[in-house]
1. If you count, for each residue, the other Cβ atoms within 10 Å and average over each peptide, how do 147-154, 192-199 line up from highest to lowest?
2. State to the nearest 20 debye the size of the charge dipole of the chain about its Cα centre, where the only charges are +1 on K and R beta carbons and -1 on D and E beta carbons.
3. Using alpha-carbon positions, what is the distance between the centroids of region 223-264 and region 299-340, in Å?
4. Which of the aspartates and glutamates could a cross-linker span from K65 if the Cα-Cα distance has to be under 20 Å and same-chain partners fewer than 8 positions apart are dropped?
5. Taking the mean number of other Cβ atoms within 10 Å as a proxy for protection, how do you rank 322-330, 107-115, 224-232, 272-280 from highest to lowest?
6. With an 8 Å cut-off on Cα pairs and a minimum separation of 6 or more residues, tell me the relative contact order of the chain in percent.
7. Over 20 Å between Cα atoms, which of K73/K132; K132/K161; K139/K297 qualify?
8. State the Kirkwood hydrodynamic radius of region 70-177 in Å, one decimal place, computed from all pairs of distinct Cα atoms.
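Derivation of every value follows stated rules applied to the coordinates shown; laboratory data play no part. The structure presented is a predicted model; accordingly, all values stated were derived computationally and were not measured. Note: ideal-geometry Cβ built from the backbone for every residue, glycine included; neighbour counts use all protein chains shown.
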Amino acid sequence: MHTPSVTSSCKCAFTLPSPQLVDHTCRGPPEVYTVEPSQGKGLGVFALHDVEIGDIVMRETPVVKISPPDFVKGTGYPMAAISKLVRQEFETLSLDKQAEILSLTYHATPAEIETMDQLGLIFRTNAYNTGKEIGLFPKIARINHSCRPNTSYYWSERLNKRIVYATRKIKQGEEFSVSYIPLLLTQKERQARLDRYGFKCHCEACAQERAATEVSDERRVTINQAFIDFEPQLILTPPKSKTATRQARKNANASLQLASLVQEEGLADYYAKAYRIAAISHARVGDWEPAAIWANKGYELKVMEDPQSPHTLELHHLTSNFLSNWESQLRNRSAMHGGQ
Ligand SMILES: [Zn+2]
């Protein structure tokens, strides 16, 4: 089966003077992906050509978007109410769109299949949070899961689209993957989360030898704990006491270890978070050069995702702030040397 991608936004610039001569066909960039069978996973989404880090793989408007009823602690969203809302939206769609939705796979127990609306089950398996709402993106839903994915995604409220972009270089013919779950968990914990999608994960992180899996588990648990431990330290005010300064120095060193751990584990989704920690930790001890470099590395990743997001703007601000401190530091040093 082949499903061509849809170019949903046209950025062609029309400069011809006569309206009769204006060519309204948007030729857009070449198609990025194709949907083909993926071994053991039903269908999957594959690269039609080499893709660079930051390249957009898909942008998709939700075909169904609902405001969820209240979340019930312990049992989740009430499925009957969700199914009803989804069906109402579904009925308003074209037959093509309806068929596209009904072609999606879903996971449910035999009892659920017996008692629940199939549409609700499809929605439960395939939908993504879109800000305060939940949306169904049939094309994006075709991308299979990996615990070391090569793409990431974000929801753009401004564009009303979910955007999937490459976080690694991807070769032509390689399968695109995203993560359906939080990734800073052990292999066992990840599989428990994935059970609700009804598959056993055999991604490159899960299919490793036991020793390698143990190392990977250890790294993920350490990264998770480090993110928690660093949280209260992420302030720009310099340490006041000698003890606090010593601690801040230790933190700056630990932040470098954290950045390399995240890279070793290949968890591109968390690179920018680790780089921001390294930037702020160095800024606190007045190491402006590494502070500026790490902030800029984080900014470069975030800007690919969404140039307007608060995270991107914050990293931009930190980079320019740290750069100017670094410049003054250099000026002061050369002034001191000049005065000798
Ligand atoms: Zn996996």
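1. My ranking of the peptides, most packed first, is 147-154, 192-199.
2. Here the size comes out at about 1020 debye.
3. The distance from the Cα centre of region 223-264 to that of region 299-340 comes to 19 Å.
4. Those aspartates and glutamates meeting the cut-off are E89, E91, D96, E100, D117, E133, E157.
5. Final packing ranking: 272-280, 322-330, 224-232, 107-115.
6. 14 percent
7. K139/K297
8. For region 70-177, inverting the mean 1/r across all distinct Cα pairs yields 15.7 Å.
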